[in-house]
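Written below as structure tokens is the structure these notes are about.
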Amino acid sequence: MKISSICCIGAGYVGGPTMAVIAQKCPQIKVTVVDVNASRIDAWNAADLSKLPVFEPGLDKVVAEARGRNLFFSTDIDEAIHEADMIFISVNTPTKTYGKGKGMAADLKYIERCARQIARVAKQDKIIVEKSTLPVRTAEAIKSILDNTGNGPQFQILSNPEFLAEGTAVQDLLFPDRVLIGGESSEEGKQAIQALVAIYAHWVPRERILTTNVWSSELSKLTANAFLAQRVSSINAMSEICEKTGADIDEVAQAIGMDSRIGPKFLKASVGFGGSCFQKDILNLVYIAKTYGLHEVAQYWEQVIKINDYQKNRFSEKIVNTLYNTVSGKKITFLGWAFKRDTNDTRESPAIQVADNLISEQAKLGVYDPKVSPERMYTDLDHLNTRSEQENRAAVQVYTSPYDACHGAHAIAVLTEWEEFKSYDWQRIYESMPKPAFVFDGRGILDTTALRAIGFVCYTIGKGS
């Protein structure tokens with residue numbers, strides 16, 4: 001089946017960049033990204049490419065090349081569905097906050113809404129591609145909705161999970177480790193798989209395009225994120241032992257990372273992992289395990305989340321304890337709010353929980369992040385429902401200058417590993433702070449030897465004092 005028109009429902013962190021790269025590499029295919037959020041679509045269409053709703057290095061250049069040629073952003077979802085041969089579903093699948101599976105299971109209401117809209121609009125056969133991270137056997141539910149509520153067209157459901165790392169998403173799309181496509185073993189299923197393979201083959205070597213059954217594809221995404229998060233929690237668990245024994249977590253990580261069976265990636269101790277996938281996918285995996293009565297399996301994966309939460313709480317407690325067991329009325333400055341560098345995404349960012357803990361101790365927070373808006377920071381805190389919106393705004397001041405943010409602070413906490421933090425005039429910062437001046441490096445990126453020479457009292461996760 002030759003694909004001439006693609007529609008992607010969902011213009012977020014996955015849908016936008018993925019479709020931009022497909023459009024760039026396949027100029028013969030019309031690619032339309034649709035979303036119910038009109039302001040988001042307006043941002044994708046903005047003349048000023050620095051205003052794109054997703055910040056990813058290199059994304060602006062990809063969008064500039066394809067937008068208006070064969071890449072379009074629209075709120076007219078019905079029209080895009082009608083003319084598309086292939087429809088990607090890339091909407092949010094948050095963790096349920098209600099009912100059965102609350103706090104663990106994926107909330108599939110947006111997925112079902114998409115399926116019902118496709119069934120209502122479609123008049124010709126379509127290939128439906130799951131791009132959102134979904135629990136195993138979601139494709140079965142989507143196909144049931146389409147087959148039972150549609151107008152007669154035939155639908156093939158493919159699973160094509162993304163393996164993007166935010167901050168390097170464009171490079172990950174251009175040079176992927178693998179592209180995973182799952183589908184049915186029927187003749188129609190095989191044809192649908194090959195139609196999607198042919199799109200990726202415009203720039204991805206065939207040997208890196210892996211085809212499986214749809215269930216294996218869905219589960220592989222959850223498993224990959226669970227394994228990566230497990231590595232982060234494992235090294236973070238060791239970081240506290242290092243602090244107590246006088247070992248250096250970076251030296252330990254280097255030593256074990258040189259073992260070819262382990263490897264060096266995801267062994268950087270930190271204040272904890274964040275992002276849209278790790279916690280959500282592990283909780284989903286826990287729910288699946290519990291659903292099948294696999295309680296020991298569920299408990300194993302739950303511990304990865306518990307260690308991550310513990311690390312965030314341990315970091316905020318370290319700040320309070322070091323500042324003479326009280327931060328009441330003291331200014332604590334956060335450098336960074338995004339969950340990692342080179343992205344404006346704050347979902348599950350460790351900074352949110354650390355901030356919440358310190359505000360509960362009556363600290364006054366100053367925050368500087370080069371890419372995250374004040375509105376986003378306040379919304380993140382408001383969603384915790386710890387206190388009123390007014391109380392959050394009274395407790396947190398967001399700055400556009402790091403030097404202003406640090407001025408008068410009793411302590412500085414590094415929560416995101418932005419490269420620019422390393423090159424600040426730390427002597428100037430030191431002189432603007434009450435003494436003793438404290439630095440808590442939650443990402444292990446600063447030259448603490450140089451900072452101590454200036455006069456700072458420094459704490460770095462995983463390193464003895």
Of the residues in the stretch 1-16, how many are surrounded by fewer than 23 Cβ atoms within 10 Å (Cβ to Cβ) and more than 19 Å from residue 201 (Cβ to Cβ)?
1
Residue count, the stretch 397-421, condition within 19 Å of residue 442 (Cα to Cα) and within 24 Å of the chain's Cα centre (by Cα), comes to 9
Going by the structure shown, is residue 364 over 30 Å from residue 54 (Cβ atoms), of a type outside the set (A, V, I, L, M), surrounded by 18 or more Cβ atoms within 10 Å (Cβ to Cβ) and touching a Pro at 6+ places or on another chain (Cβ under 9 Å)?
no
Quick check on the stretch 140-159: of everything there that is of a type outside the set (Gly, Ala, Ser) and in a helix (DSSP H, G or I), which residue is nearest to the chain's Cα centre (by Cα)?
142
In the stretch 395-450, the residues that are farther than 16 Å from residue 363 by Cβ and among the polar types (S, T, N, Q):
400, 401, 416, 423, 427, 432, 448, 449
Tell me, yes or no, whether the stretch 450-458 has at least one residue that is over 30 Å from residue 267 (Cβ atoms) and either buried (at least 20 other Cβ atoms within 10 Å of the Cβ) or at pLDDT 95 or above (or both).
yes
Hey, does the stretch 336-354 have a residue that's over 22 Å from residue 166 (Cβ atoms), in contact (Cβ under 8 Å) with a residue 24 or more places away in the chain and buried (at least 17 other Cβ atoms within 10 Å of the Cβ)?
no
Return the residues of the stretch 205-218 that are surrounded by 20 or more Cβ atoms within 10 Å (Cβ to Cβ) and of a type outside the set (Gly, Ala, Ser); say none if nothing qualifies.
214, 218
Looking at this structure, is residue 325 of a type outside the set (A, V, I, L, M, F, W, C), closer than 25 Å to residue 417 by Cα and out of contact with any Lys or Arg (no Cβ under 9 Å at 6 or more places or on another chain)?
no
For residue 302, only one of the following conditions fails: (1) closer than 30 Å to residue 91 by Cβ; (2) among the charged types (D, E, K, R); (3) in contact (Cβ under 8 Å) with a residue 24 or more places away in the chain. What is its number?
(3)
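Every residue, every condition in (1) at pLDDT 95 or above; (2) of a type in the set (Ser, Thr, Tyr), yes or no:
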position: 184; (1), (2): no, no
position: 190; (1), (2): yes, no
position: 200; (1), (2): yes, yes
position: 213; (1), (2): no, no
position: 231; (1), (2): yes, no
position: 235; (1), (2): yes, no
position: 239; (1), (2): yes, yes
position: 243; (1), (2): yes, no
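Just name the residue that is farthest from the chain's Cα centre (by Cα) out of those in the stretch 187-204 that are within 15 Å of residue 27 (Cα to Cα) and surrounded by 14 or more Cβ atoms within 10 Å (Cβ to Cβ).
My answer is 198.
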How about the stretch 162-195: which of its residues are of a type outside the set (Val, Ile, Thr), in contact (Cβ under 8 Å) with a residue 60 or more places away in the chain and under 30 Å from residue 347 (Cα atoms)?
162, 163, 164, 166, 167, 169, 171, 173, 174
For residues that are more than 22 Å from residue 77 (Cβ to Cβ) and among the acidic types (Asp, Glu), scanning just the stretch 17-58, find the one that is surrounded by the most Cβ atoms within 10 Å (Cβ to Cβ).
56
Check the stretch 69-80 and report whether any residue there is farther than 26 Å from residue 345 by Cβ and surrounded by 14 or more Cβ atoms within 10 Å (Cβ to Cβ).
yes
Among the residues of the stretch 266-322, count how many are surrounded by 19 or more Cβ atoms within 10 Å (Cβ to Cβ) and acidic (Asp, Glu).
1
Against the conditions (1) in contact (Cβ under 8 Å) with a residue 12 or more places away in the chain; (2) more than 30 Å from residue 460 (Cα to Cα), where does residue 253 fall short? Just the number, please.
(2)
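The values are calculated or read from the model by the stated rules, or taken from the named source; none is laboratory data. Computed from a predicted structure; not experimentally measured. No Cβ is skipped: glycine too gets one built from the backbone with ideal geometry, and neighbour counts run over all protein chains shown.
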